[in-house]
Amino acid sequence: MQTNLSPEFRGTQQGATAEAILRKCVHCGFCLATCPTYQLLGNELDGPRGRIYLIKQVLEGATVTRSTQQHLDRCLTCRSCETTCPSGVDYGHLIDIGRQVIDERVARPTREKFVRWLLKVGLTSSFFGPAIKLGALLRPMLPKTLQNKVPLPSDIESGSWPTRIHARKVLLLAGCVQPSIRPNINAATARVLDAAGIQSLVAGKAGCCGAIRVHLNDRPGGLNDMRRNIDAWWPTIESNAIDAIIMNASGCGVMVKDYGAALAADASYAKKAARVSALTMDLSELLPDLVSALRTRVIASSQQLMAFHSPCTLQHGQRLLGGVERHLQSLGFKVEVTLSENHQCCGSAGTYSVLEPKIAYQLRDRKLAEIGRLKPRCIISANIGCIQHLQSGTSIPVKHWIEILDQAIV
Ligand code: SF4
Ligand code: SF4
């Protein structure tokens with residue numbers, strides 16, 4: 001695609017990055033076939049090719065409108081289009097630039113600004129944990145829409161954290177919402193790694209990976225989250241005490257793997273950020289080690305079918321496809337994925353389910369209907385956002401796969 005950036009963007013880092021991405025797009029439209037919002041809404045401007053065109057127009061100096069902003073808001077950032085694109089268009093980075101540029105030019109309605117502020121501050125604040133505990137207790141009295149967002153009291157029990165010391169150590173990011181909503185995911189991760197002879201270290205000062213602020217168009221705030229995490233991890237990394245930084249939420253993993261690119265222009269953090277990204281692994285990337293260490297200690301039920309929902313941040317963002325299912329199957333678990341919907345977003349997409357609930361719930365119900373055809377006893381996934389969102393629409397238990405492995409170790 002030919003581009004002719006306006007003087008405002010010509011010669012800037014942002015303009016150069018966007019231009020390089022735009023020029024790769026050949027407008028073939030293959031990506032439309034796998035874009036959830038295009039499939040639901042049927043509007044070219046609610047698909048990747050249309051959004052790419054809108055961003056190009058903005059960077060070329062066209063007038064930006066509220067409607068342009070909304071077409072970009074409706075994008076789930078699921079990056080399914082990237083997986084499909086034969087030209088390798090880096091849509092994820094382009095939409096980040098487009099959203100940032102548009103938000104600087106189009107004011108949002110007051111209510112929308114307030115909701116976005118509340119999400120940004122609330123989800124990452126130290127009050128979030130106590131508020132969730134209170135919400136879980138009062139859950140039966142809450143309106144249905146809020147009940148969907150609050151865990152059951154049984155969900156906020158975590159079991160014990162291992163205390164053994166092992167020579168092999170990894171850093172584990174606890175995350176921001178996960179320790180409050182499903183603390184058992186982190187505890188189960190630490191227990192399974194402990195059983196495999198790996199010690200999990202959690203740096204107390206590390207918190208939100210930055211994805212919440214970046215996706216709510218507060219890039220400076222997101223970059224500060226990244227710098228804080230790097231500072232929290234750096235002494236451990238520098239002492240060569242660990243061989244990986246492990247993410248058990250694929251939404252955080254895709255962000256931390258991008259720290260190197262996000263902070264490339266920051267002279268004080270660029271090298272450290274690149275090292276952090278190089279050390280970062282999704283928990284499932286440890287599965288080959290876990291399988292060989294635990295094979296004789298896992299008693300898997302081959303009768304109870306589990307449906308695996310692969311998060312977009314795992315399969316499209318990190319391009320990790322099939323590993324969880326394959327390795328769990330090799331341990332004797334019965335795991336299947338849906339044939340027609342496996343590549344599709346469940347509608348969670350970070351804060352999307354709050355900001356665009358209509359589309360988010362349509363996608364959730366479509367995904368659950370497909371999963372329902374498998375008649376699973378349990379749904380498993382690899383990202384806290386997907387787990388909570390899917391659970392809000394079904395009575396089938398939805399868990400992280402590590403919790404299943406944790407329960408099966410004897
Ligand atoms: S598939 Fe790739 S090259 Fe084709 S229109 Fe979509 S983004 Fe552009
Ligand atoms: S990121 Fe997802 S929703 Fe957005 S354009 Fe690509 S496929 Fe469509």
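Bear in mind that the values in this text are calculations on the coordinates, not laboratory data. Quick caveat: nothing in here was measured; it's all calculated off a predicted structure. We place every Cβ from the backbone using ideal geometry, glycine too, and count neighbours over all the protein chains shown.
The order of Thr296, Thr236, going from fewest to most other C-beta atoms within 10 Å of their C-beta, is Thr296, Thr236.
Computed over segment 276-410, the alpha-carbon pair-distance distribution with 5 angstrom bins reads 2, 10, 21, 23, 19, 14, 8, 3, 1, 0, each value a whole percent.
Considering helices alone, the calculated mean residue ellipticity of the chain at 222 nm is -14000 deg cm²/dmol, with DSSP H runs of length four and up weighted by -39500 (n - 2.57) and normalised per residue. Among Ile212, Ile402, Ile409, the ranking by other beta carbons within 10 Å of each residue's beta carbon, starting with the fewest, stands as Ile409, Ile212, Ile402. When Lys and Arg each count +1 and Asp and Glu each count -1, what net charge do the other residues less than 10 Å away from Ile102, Cβ to Cβ, add up to? Once all neighbours under 10 Å are counted, the net charge is 0. The ellipsoid equivalent to the alpha-carbon distribution of segment 154-285 has semi-axes of 25, 18, 11 angstrom, derived from the gyration tensor eigenvalues as √(5λ) and listed largest first.
As a rough footprinting exposure proxy, the listed residues Cys75, Cys28 were ranked by other beta carbons within 10 Å of their own, and the order from fewest upward is Cys28, Cys75.
Amide H contacts of Leu172 (H built 1.01 Å from N, in plane; Pro and chain starts excluded): Leu201, Val202, Ala203, Ile246 sit under 5 Å, all sequence-distant by 5 or more or on other chains. When cysteine pairs in the chain are screened for C-beta atoms closer than 4.7 angstrom, the residues that find no partner are Cys25, Cys28, Cys35, Cys75, Cys85, Cys346, Cys378, Cys386.
Calculate, for Gln303 and Leu152, the FRET efficiency according to 1/(1 + (r/R0)^6) with r their C-beta to C-beta distance and R0 25 Å; round to the nearest 0.05. Efficiency, from the Cβ-Cβ distance: 0.45. Hydrodynamic estimate: the Kirkwood radius of the chain over Cα pairs, inserted into Stokes-Einstein at 10 °C and 1.306 mPa s, corresponds to D of 72 µm²/s.
Each 10 Å bin from zero up to the one holding the largest Cα-Cα distance in segment 13-103 carries the following percent of pairs: 18, 56, 25, 1. When peptides 350-362, 175-187 are sorted by average Cβ neighbour count within 10 Å, with the highest value leading, the order is 175-187, 350-362.
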